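The values are calculated or read from the model by the stated rules, or taken from the named source; none is laboratory data. Owing to the predicted nature of the structure, the values given are computational and were not obtained by experimental measurement. Here Cβ is always computed from backbone atoms with ideal geometry, including for glycine, and neighbour counts include all displayed protein chains. The protein model used for the area step is the full one, side chains on, heavy atoms only, and it has no ligands, DNA or RNA in it. Shrake-Rupley method; radii C 1.70, N 1.55, O 1.52, S 1.80 Å.
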Amino acid sequence: MKYFLDSAKLDEIREAYHTFGIDGVTTNPKHIMNSGKPFLTAIHDIADWIREEGLEGKEVFPVSVEIDPYIEKADEMVEAARKISAISDNFVIKIPCTPDGIAAARALENEGIRTNVTLVFTTSQAILPAKNGSLFVSPFIGWKEANGEDGKQYIADIVQIYKNYGFYGKTQIICAAVRTGRQIADCAIAGADIVTAGMAVYKDAMTHPYTRQGIENFRNAWDNTAK
Ligand code: E4P
């Protein structure tokens, strides 16, 4: 399972890539806002960094960039997506899962612009983007679970549907808004292709209090070993 960093902060992206080998990035308007930069500056800076690192290509290091959330009509989404896509070969265009969004994603895929259909909250929403060949679909497990819903079963159901119809591995499932290590593991058990989360979530998922306690126990033994 691939790990994407959910962030538009270049220092975080750089750290996550060099330290933990993350496989790609997802951004959204909230992450752009948190970067403290204007939208175009933030995404151009990411595109420049990709070139500096020699990571060009969506297959190497995809970066999902969301279009203006005020755009509602399919043709206007396509227009906005074309402009963003021209900035970097790595950019995958995030399109909201609405009827217009699904139509726009279909049109974009037909002209070779790869899409990430986002804000997906039901299994049925996940089907058409796959039929239409979107590169990614992003079910939001964290928001579902915050709402008391079963995120693990939700992802497992999408995986099963994709396997039933030959979409599995073609339209890759990005489990989005992942908040905990347990959710990361649940997504992996369910067979998701990718998780996306913030750096703090990944670091939390790498730690356990017993690991720290074990280090202390072994230090104690080390100090009391016969000299
Ligand atoms: C995923 O692609 C989204 O950017 C992200 O996970 C959205 O959720 P959040 O901003 O609530 O974390």
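One table, with the values for the structure above:
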{"item": "Single residue of Ile141, Ile127 found to be of a type outside the set (Phe, Trp, Tyr), within 16 Å of the ligand (Cβ to nearest atom), at pLDDT 95 or above and closer than 20 Å to Lys163 by Cβ", "result": "Ile141"}
{"item": "Scan of region 76-134 for residues that are over 30 Å from Ala146 (Cα atoms), small (Gly, Ala, Ser) and assigned to a helix (DSSP H, G or I), ordered by number", "result": "Ala80, Ala81, Ser85, Ala107"}
{"item": "Test: residue in region 207-221 that is open to solvent by 40 Å² or more (accessible area, probe 1.4 Å), at negative phi and in a loop (DSSP other than H, G, I, E, B)", "result": "yes"}
{"item": "Residue within region 208-215 that is of a type in the set (A, V, I, L, M), farther than 24 Å from Gly133 by Cα and within 13 Å of the ligand (Cβ to nearest atom) present", "result": "no"}
{"item": "Residue that is surrounded by the most Cβ atoms within 10 Å (Cβ to Cβ), among those in region 26-49 that are polar (S, T, N, Q) and not in a loop (DSSP other than H, G, I, E, B)", "result": "Thr26"}
{"item": "Pick from region 1-25, criterion open to solvent by 80 Å² or more (accessible area, probe 1.4 Å) and of a type in the set (A, V, I, L, M, F, W, C), ranking: farthest from the ligand (Cβ to nearest atom)", "result": "Phe20"}
{"item": "All positions within region 110-124 that are at negative phi and either open to solvent by less than 40 Å² (accessible area, probe 1.4 Å) or within 11 Å of the ligand (Cβ to nearest atom) (or both)", "result": "Ile113, Thr115, Asn116, Val117, Thr118, Val120"}
{"item": "Boolean, Ala200 is assigned to a helix (DSSP H, G or I) and either among the acidic types (Asp, Glu) or within 16 Å of the ligand (Cβ to nearest atom) (or both)", "result": "yes"}
{"item": "Inter-residue pairs, beta-carbon under 7 Å, first closer than 20 Å to Val60 by Cβ and in region 93-119, second open to solvent by less than 30 Å² (accessible area, probe 1.4 Å) and among the basic types (Lys, Arg), 6+ apart", "result": "Asn116/Lys94"}
{"item": "Cβ pairs under 6 Å, 6+ apart, first in region 26-44 and more than 10 Å from the ligand (Cβ to nearest atom), second in a loop (DSSP other than H, G, I, E, B) and not small (Gly, Ala, Ser)", "result": "Ser35/Lys9"}
{"item": "Residues within region 51-70 that are open to solvent by 10 Å² or more (accessible area, probe 1.4 Å), part of a loop (DSSP other than H, G, I, E, B) and touching a Pro at 6+ places or on another chain (Cβ under 9 Å), tallied", "result": "2"}
